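S.K.: Following this message is one structure expressed as structure tokens.
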Amino acid sequence: MYCPKCGAPNDDNAWKCVQCQTILQQAPPPASGGPAEVIPNYLWQAIVATICCCWPLGIPAIVYAAQVNSKVVQGDLVGARQSSKNAKMWCWIAFGAGIAVGLIYGVFMLVTILLQNR
């Protein structure tokens, strides 16, 4: 089979061109014949945690979340599960850090207000 976009030769059962990555046919069905496993990517959670909670700790969450779907497409389900797990972990870390910083800030503000009113 030749790629209609770049003309590169590919295997007859290839679903993506080896040279230009153009989709040649639908992705192969799962090998087990059962329903395809859905691996969550936690992308929207990572974005919210980055914007609203703690951006330095949210960036790794976005990076790992962005890797999940591409690893599933490549057939690397173990890697996709690990990236999903890492994205979830970093989302929780960013969320927890944001809450902790907010609480510490609130305590400092309260102490400042109380000391000024003395």
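The values are calculated or read from the model by the stated rules, or taken from the named source; none is laboratory data. Keep in mind the model is a prediction, meaning the values are calculated, not measured. Note: ideal-geometry Cβ built from the backbone for every residue, glycine included; neighbour counts use all protein chains shown.
S.K.: May I ask you to verify whether GLN19 is closer than 30 Å to CYS3 by Cβ and either surrounded by 13 or more Cβ atoms within 10 Å (Cβ to Cβ) or modelled with pLDDT under 90 (or both)? Explain how you work it out, then say what you get.
M.R.: On the way: closer than 30 Å to CYS3 by Cβ: yes; either surrounded by 13 or more Cβ atoms within 10 Å (Cβ to Cβ) or modelled with pLDDT under 90 (or both): yes.
Yes, satisfied.
S.K.: Another question about this same structure. Please count how many residues of segment 39-77 are among the polar types (S, T, N, Q) and out of contact with any helix residue (DSSP H, G or I) (no Cβ under 7 Å at 6 or more places or on another chain).
M.R.: Within segment 39-77, the subset among the polar types (S, T, N, Q) is 41, 45, 50, 67, 69-70, 74.
Then drop every residue that is not out of contact with any helix residue (DSSP H, G or I) (no Cβ under 7 Å at 6 or more places or on another chain), which leaves 69-70, 74.
Looking only at that region, the number is 3.
S.K.: Which numbered condition in (1) of a type outside the set (D, E, K, R); (2) modelled with pLDDT of 90 or more; (3) under 21 Å from LYS16 (Cβ atoms) is the only one that PRO30 fails?
M.R.: (2)
S.K.: Which of the residues that make up segment 42-58 are β-branched (Val, Ile, Thr) and either surrounded by 15 or more Cβ atoms within 10 Å (Cβ to Cβ) or in contact (Cβ under 8 Å) with a residue 40 or more places away in the chain (or both)?
M.R.: ILE47, VAL48, THR50
S.K.: Quick one: how many residues across segment 59-78 are closer than 17 Å to LYS16 by Cβ and crowded, with 16+ Cβ neighbours inside 10 Å?
M.R.: 2
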